[in-house]
Each structure stands twice: as C-alpha cells, then as structure tokens.
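The values are calculated or read from the model by the stated rules, or taken from the named source; none is laboratory data. Just so it is clear, the structure is predicted and the values come from calculations on it, not from any experiment. Quick reminder, even Gly has a Cβ in these numbers, built from the backbone with ideal geometry, and neighbours come from all protein chains shown. Keep in mind that these areas ignore ligands, DNA and RNA; they rest on the heavy atoms of the full protein, side chains included. Shrake-Rupley method; radii C 1.70, N 1.55, O 1.52, S 1.80 Å.
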Amino acid sequence: MSPETIQITLPDGAVREVPRGTTAAQIAHQISPRLAKEALVARADDQLIDLSRPLEQNTKVAILTPKDADAVQVFRHSASHLLAAAVLELYPEVKLGIGPPTETGFFYEFVRPEPFTPEDLEKIEAKMHELAAKDIPNERKLMPKPEALELYRNNQQQFKCELVEEKATDPMVSFYTTGKFVDFCRGPHIPSTGRIKAFKLMNVAGAYWKGKEGNPQMQRIYGACFVEPKQLEEYLQKLEEAKRRDHRRVGKELGLFTVSDQVGSGLPLWLPKGATIRRILEDYILEQERRAGYQHVYTPDLAKVELYKRSGHWAHYHEDMFPPMDLETEQLVLRPMNCPHHILVYENKKHSYRELPVRIAELGTMYRYERSGVLSGLSRVRVMTLNDAHIFCMPEQIKEEFAGVMRLVERAYRDLGITQYTYRLSLRDKADKTKYVENDAMWDLAENMLREAMNALGLPYTEAPGEAAFYGPKLDIQLADVMGHQETYSTIQIDFHLPNQFDLGYVGADGQLHRPVMIHRGVISTMERMVSYLIELYAGAFPAWLAPVQTVVLPITERQNAYAEEVNRKLLEAGIRSEFDGRNEKLQAKIRDAQLQKIPYMLVIGGKEAEAGTVSVRHRSKGDLGPRPLEQFSADLKQEIDMRAIV
RNA sequence: GCCGAAGUAGCUCAGUGGUAGAGCAGCCGAUUCGUAAUCGGCAGGUCGUGGGUUCAACUCCCACCUUCGGCUCCA
C-alpha cells in the first residue's frame, strides 16, 4: 500500500483501495450511482460523518440511506438548520438556542420579544420550502474556539456563546453553514437542503433554556419531518387518529366523565357510564388479587402530617402534596401515597415468619398537588385511586413475590387486551443526592435484586437512571399510546427504607426479631389512568365485558314496545347491562345512535321477533347477524362476557 | 408554575363597536317505519369571571379562572 492510498472496508467485508482524501460520497458513487443518490450520511468506524468529509486513514465505511434510523435523524437535524436559516432570513434579530432532531421531526429554539403567530409559521414554512428548492449545500467549517466565541459575541448570540463554552472541548470548533446561516454544530449533516421536502411546522411552544425551570423561556418551533412525503402523510393521519381516540373527546361523546371548574382542576367527575367501567375494573382486579392471596383493607385518605414525616414523604415529596390542614391540635394532610397506612395495618399485630408474605391491598385514593399546567382529562389528575398493595416479606421471598406480581400484571393485561408494553428498570440518579433517601448499600442491594428477578424471568428491560421512587428502585411497565408515547402504568418497587423508618419486624424461626422487606406494587395503575388508556385503546368500543352498556333493545315501531321492554327486563335480570330505546324514531336513527355510542349489541325487535320470541342481533362492527331466540343470544353473550373476550 | 392559543345554547361551531345565530341534542305535535339521521313547531345564552375604555362592548384594554399545545414534573 502506497502512502497515497488507504483501505476502505465496506459493511459486506469488501476492501477497496482508494486515494487518501477520498470522500464517502465518492465511494458511494463507485459502488452505484443509485446509492450515491440515496445516501444521506456515512458511518466511519462507528462515527457519523458528512459524505463530503475526506477520509485520511484506513476506515470501515458504511453509506447510510433513509433506511437507516441514524441517517434519518441526521436528515431531521439538517431540517432544523433549514428552519433556523428560514427564521433568520425573516426575523434577523432572533437569538438562537438549540435545534436537534426529535422522534418525528425536529425543533429549533429562538428568543424573540414577540411571539411567533400561526401566520408567522406559515411564512417560515414557505421560506423553508424556498430555501430547500435552492438546494443549498450544508458545509462544515472549523474555527478556533476564541474566534467562535468572538463571532457569537459580535452577533449577540449569548445562548450560542454558552454552548460553545460548554460543549467545545477541542481547540477547533466545527460550524455548519447553509447559505448565510452559520451554526455551531457537531454535525454531521446531509449534503444539501434539496431533499428536505416532507415537513410541516406543527406548533410553537414555550421551553426553558436547556430544559431547566428558572432559565429564560425560548420559543420552540416544532416540525414534523420525514424523508419521504408518504411517511409525513402517514404520520399526520396517525395524529388525526390519535385525536379521534383521545379519551377526553371520547369520554365526552360517550358520557364517561366530565370536569367542572366548580369542583376544580384535575378533579374529574365519573358519570354513570364511566363509573360502570371503573367499577367493573375494580371488581375484576380485587377478584384477581383475592385469588393471589391479597388481603384488602380500607384506610383513610387523611393522616397526621407526622406520619408522613416519619415515612420520609414529607422530606422528599411534600412539594407534591396538598398543604396541611391546620386543626386545633394537629395538622392533617391528604395522603399522596398509601404506604404508611398499610404499614400501620401490618404493625397492628406481631408477625411470625410463618405468616409472611403478608399482602395488604386497597383501592387507595390519594391526592397529589400536580402543577396546574400538567393536568389533563383522566390521565393527569389530582385525585386518583390506585390499585395499590404492599407485600411484607422476608428477603429470600422477594424473587417469588416479584414473579407473582408479574403474573398478575400479565394476566390483567391479557384480559384487558393490552399488548403494547415494555419493562423499564427505574434506578436512582447517583449524582442527585437530594431526590433519594441516602443509603448506597441499600440501593445497590435493591437494584440488583430487581435485575436478578427480571433476569430470572427472562424478560427484556431497559434501565432508566433517575426514575426511581425516593425510597427505592422500581420495575415500571410502560404502555404505549396510539402515537407510541410511553407512560408508566404498572410498577413494582423493592423497599428497604420504609421498614426501617417504621422499625418493622417479624419473629424468625430463631425466635429473634427480623426486618421484613416491603414490595410496593400497582398492577392496573390508577383507575383514572387505566380507564383513559382503555378508552383510547378501544376508541370507546369496549369489549362486551367492559362496555358500560352491552345491549340496546330497539323496537321498530311502538307496537313492539311491550315485547321489547320484556326483552330488556330479561337481559337485565340475566345480569346484562341493557337499555331500551323506546323513542318515537325510525329504526335507522336508533341504530345510528347506538353505533355512535359503540354499544356492542343492538337487538332489533319487529313484528316477526315479537311473534316468535326472538331477537334480531346486530353487532356494532359485524353488522346484521340475523334472528335467534332471546335465550340463545343471552347465553352466548353471557359466555362472551365471562370469557372476557376481546372482540 | 412557565410560554403560546382558546373560552358564544347541553354538544359542535358562525358572528371584527350598533337589538346574540345555525345544526344536533331537549320539549310538544304529526308519522308507525326492518339495520348509521322522518317532518313541523317550541324552548334554550348576564357571550368564562371581574374591572375598565366608549353614547354604545361578544367585539377594544387589564386582571383572574378554565381548557388545549408544549416546557418542567409525573401514577
């Protein structure tokens, strides 16, 4: 090999000898013109680089196309630069923040005295298309750090100065230019703006500089962006679908719940139909827990503030609690968690190792002072009822108890029809001492136990530092909504802290007092959050076992009202949630209304049915199923309900 | 809590300084009908709340409340 050539190893193992200084773009050309056209960016020895970067030494090179997720992120990052370029042309006075890619596009942050209006966004978007059409190259430049700082100081870009100060570790700082727009940026970028076509500016939102409360507020312009127009189209359709399923919208349409500013923010009212769904869920999970050996209790929603001081909640959590109520001789608080109450239930008697594990469960209503800006429908509220339990066990029982909770979770998900979920091991952030109780040995022990328990079950999980509860690590089960957003629903937490705080004990085989371990767990989350999830999962069309109304009886004319009412009564007596629609309306209108209410079964009653003692069955999605004897329909539906069939 | 947008009849929404509108829902009447909206009539609003500007405010200004999109937070 002469000193003027270098060896390039391609992903398939092929080695090419090329002149030193050859670019990835040139290599792509050699491979195929089509690849060169598709290429967005290159990966050289596991690092993403511009296609135009000359290669100086032997390197493994991969040419990345839109099929590669990293390449798409680079594409979106370049789109954010296009946005900034457009904004600077229209509003040269703005100060720039950061502009990274997101999961579905990009954003860029600006500071400007006036807010960006929707009309501004239209203008900006048009300008972006204009700049894209010019196919302006994205060029990388290096500059000494002091010079970079000087440049930004002169342009009065204080946020950029801050970034250069913090992020630039090398003496030389890299910049990217897109026409007149110059941005401090690590890169890489796609070669030019021409391919950025499929984007749409979505909204402008306030965001703290560096995401830190107290920092200046930036205006963050969000855009959706994909390589192919078809993908953008699909994404926008998915957004529409999410809107259609939104539990706040469906909850209103189906009369499930409401909120009133006379009651207060985040304090939803469960209307009869929503309350029915909730009651079914509650009955269901209590039954599952009874079978799994849980004992259910009722404990008060209030307690003396001292209880929470002892547990540690007051020190670590009181910001999220409603302020105490001052009484003559004491202060009471609304509970934000149920653990201390359950601990006192455990403490009510002395426990022998023979009784462990003790599983104390409750549909525990609790109150959290959520900040006004985060409240939303049923999914973010200030009063919530958690399917809560605390297992008091010996350390050697943890693994089996953990597995038992997981069985409950998986059973419940199966019955509820929930299939999209992932496991997240939520650990403490070791650097953030204030957020967690301090005891390194205890944390390490609990974290390792969770890892072992998950490994023993052979379940895949991701680790998330900084997501633990203040008293211990947890295994969270994350459900994904229509848009793919993840939210914690089920959770299992191993806690060595509270048993210490409350000096809990059990008598071991050796006659000595030992410390039990606590497992906090929620299986179907809060009723509020789970119902909101189910509403969106089913878009309001609940499986029969969950549906607030399972059948509606529809007489064709008033002549059949008597028989139809009898049918309705028999269904009610059989334990089926049935309604009778005796309005003076045409059948079609009654069917339409029943369809819109997503009632699983419509029973059409005409002269023939009244005569024969049958019902004509229409299913909300399968349509007309024909006539059958009432008893047969009733038995079939009972079976569907008992099986908890997901139809 | 912060930034932005919005709040008009039960619901969805028109209404840009001069007497508050529609459709659906509701009520009354007619119609008695076979698988996604029958016809007619009636009723329904201190225009989120409170101040201000004006001869006159749903409309302009200020404050607050609530909702929505984000940020931060989170079951």
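What is the residue count in region A:433-445 for residues that are within 16 Å of RNA strand B (Cβ to nearest atom) and open to solvent by less than 70 Å² (accessible area, probe 1.4 Å)? Total meeting the criteria: 2. Within region A:15-42, residues that are at pLDDT 90 or above have Cβ atoms under 7 Å from residues that are of a type in the set (Phe, Trp, Tyr) and open to solvent by less than 40 Å² (accessible area, probe 1.4 Å) in these pairs: A:Leu40/A:Phe75, counting only partners at least 6 apart in sequence or on another chain.
Identify, from the list A:Val18, A:Val41, A:Val61, the residue that is under 28 Å from A:Pro229 (Cβ atoms) and open to solvent by less than 80 Å² (accessible area, probe 1.4 Å). Write out each step before concluding.
Values: A:Val18 fails: under 28 Å from A:Pro229 (Cβ atoms); A:Val61 fails: under 28 Å from A:Pro229 (Cβ atoms).
Sole residue among the options that is under 28 Å from A:Pro229 (Cβ atoms) and open to solvent by less than 80 Å² (accessible area, probe 1.4 Å): A:Val41.
Please state which one of A:Glu396, A:Glu400, A:Glu370 is touching a Lys or Arg at 6+ places or on another chain (Cβ under 7 Å) and open to solvent by 30 Å² or more (accessible area, probe 1.4 Å).
Matching residue, one of A:Glu396, A:Glu400, A:Glu370: A:Glu370.
Scan region A:299-317 residue by residue and report those that are open to solvent by 30 Å² or more (accessible area, probe 1.4 Å), under 19 Å from A:Ala468 (Cβ atoms) and touching a residue at least 60 places away in the same chain (Cβ under 8 Å). Correct list: A:His316, A:Tyr317. On inspection, A:Ile646 does not qualify as touching a residue at least 12 places away in the same chain (Cβ under 8 Å) and in a helix (DSSP H, G or I).
One residue stands out among those in region A:218-257 that are loosely packed, with under 14 Cβ neighbours inside 10 Å and within 12 Å of RNA strand B (Cβ to nearest atom): the one that is farthest from A:Glu528 (Cα to Cα), which is A:Lys243.
Apart from one condition, A:Leu479 fits all of (1) under 19 Å from the mean Cα position of the chain (by Cα); (2) modelled with pLDDT of 95 or more; the exception is (2). Every test in (1) under 30 Å from A:Gln597 (Cβ atoms); (2) part of a helix (DSSP H, G or I); (3) in contact (Cβ under 8 Å) with a residue 40 or more places away in the chain; (4) not β-branched (Val, Ile, Thr) is passed by A:Ala275 save one, and that test is (3).
A residue that is closer than 30 Å to A:Lys197 by Cβ and in a strand (DSSP E or B) cannot be found anywhere in region A:238-255.
Please enumerate the residues belonging to region A:564-583 that are over 21 Å from A:Leu256 (Cα atoms) and either within 16 Å of RNA strand B (Cβ to nearest atom) or outside any loop (DSSP other than H, G, I, E, B) (or both). Across region A:564-583, the qualifying residues are A:Ala564, A:Glu565, A:Glu566, A:Val567, A:Asn568, A:Arg569, A:Lys570, A:Leu571, A:Glu573, A:Gly582, A:Arg583.
Any idea how many residues of region A:366-425 are farther than 28 Å from A:Arg644 by Cα and assigned to a loop (DSSP other than H, G, I, E, B)? Adding up the residues that qualify gives 8. Flag not set for A:Ser265, criterion: outside any helix (DSSP H, G or I), among the hydroxyl-bearing types (Ser, Thr, Tyr) and without any contact (Cβ under 8 Å) to a residue 24 or more places away in the chain. Number of residues in region A:265-298 that are open to solvent by less than 30 Å² (accessible area, probe 1.4 Å) and within 25 Å of the chain's Cα centre (by Cα): the value is 9.
Filtering region A:310-359 to residues that are in contact with a Pro (Cβ under 7 Å, 6 or more places away or on another chain) and under 27 Å from A:Ser372 (Cβ atoms) leaves A:Ser311, A:His313, A:Tyr317, A:Asp320, A:Met321, A:Gln331, A:Leu332, A:Val333.
For region A:486-504, the set of residues classified as of a type in the set (A, V, I, L, M, F, W, C), away from RNA strand B (no atom under 13 Å from the Cβ) and open to solvent by less than 10 Å² (accessible area, probe 1.4 Å) consists of A:Ile494, A:Leu498, A:Phe502, A:Leu504, listed by residue number.
Taken over region A:207-217, the criterion of being modelled with pLDDT of 85 or more and within 8 Å of RNA strand B (Cβ to nearest atom) is satisfied by A:Ala207, A:Tyr208.
Screening A:Ile343 on (1) more than 11 Å from RNA strand B (Cβ to nearest atom); (2) without any contact (Cβ under 8 Å) to a residue 60 or more places away in the chain shows it passes everything except condition (2). Would you confirm whether any residue within region A:415-432 is over 24 Å from the mean Cα position of the chain (by Cα), farther than 26 Å from A:Tyr367 by Cβ and either open to solvent by 10 Å² or more (accessible area, probe 1.4 Å) or of a type in the set (Val, Ile, Thr) (or both)? Checking region A:415-432: at least one residue is over 24 Å from the mean Cα position of the chain (by Cα), farther than 26 Å from A:Tyr367 by Cβ and either open to solvent by 10 Å² or more (accessible area, probe 1.4 Å) or of a type in the set (Val, Ile, Thr) (or both). For region A:614-638, which positions are basic (Lys, Arg) and part of a strand (DSSP E or B)? Answer for region A:614-638, where residues must be basic (Lys, Arg) and part of a strand (DSSP E or B): A:Arg618, A:Arg628. Scanning region A:201-213 for residues that are open to solvent by less than 80 Å² (accessible area, probe 1.4 Å) and either touching a strand residue (DSSP E or B) at 6+ places or on another chain (Cβ under 7 Å) or aromatic (Phe, Trp, Tyr) (or both) yields A:Leu201, A:Met202, A:Asn203, A:Val204, A:Ala205, A:Gly206, A:Ala207, A:Trp209. Scanning region A:367-391 for residues that are more than 9 Å from RNA strand B (Cβ to nearest atom) and among the small types (Gly, Ala, Ser) yields a single hit, A:Ala389. In region A:584-622, of all residues being under 22 Å from A:Arg245 (Cβ atoms), near RNA strand B (Cβ under 6 Å from one of its atoms) and free of Cβ contacts under 8 Å to residues at least 60 places away in the same chain, the one that is surrounded by the most Cβ atoms within 10 Å (Cβ to Cβ) corresponds to A:Gln595. Can you work out which of the residues in region A:371-382 that are in contact with a strand residue (DSSP E or B) (Cβ under 7 Å, 6 or more places away or on another chain) and over 19 Å from A:Leu534 (Cα atoms) is modelled with the lowest pLDDT? Among those that are in contact with a strand residue (DSSP E or B) (Cβ under 7 Å, 6 or more places away or on another chain) and over 19 Å from A:Leu534 (Cα atoms), it is A:Val374.
For region A:318-340, the candidate set comprises residues that are crowded, with 19+ Cβ neighbours inside 10 Å and assigned to a strand (DSSP E or B); within that set, the residue that is farthest from RNA strand B (Cβ to nearest atom) is A:Val333. Scanning region A:553-562 for any residue that is among the β-branched types (Val, Ile, Thr), open to solvent by less than 60 Å² (accessible area, probe 1.4 Å) and within 9 Å of RNA strand B (Cβ to nearest atom) turns up at least one such residue.
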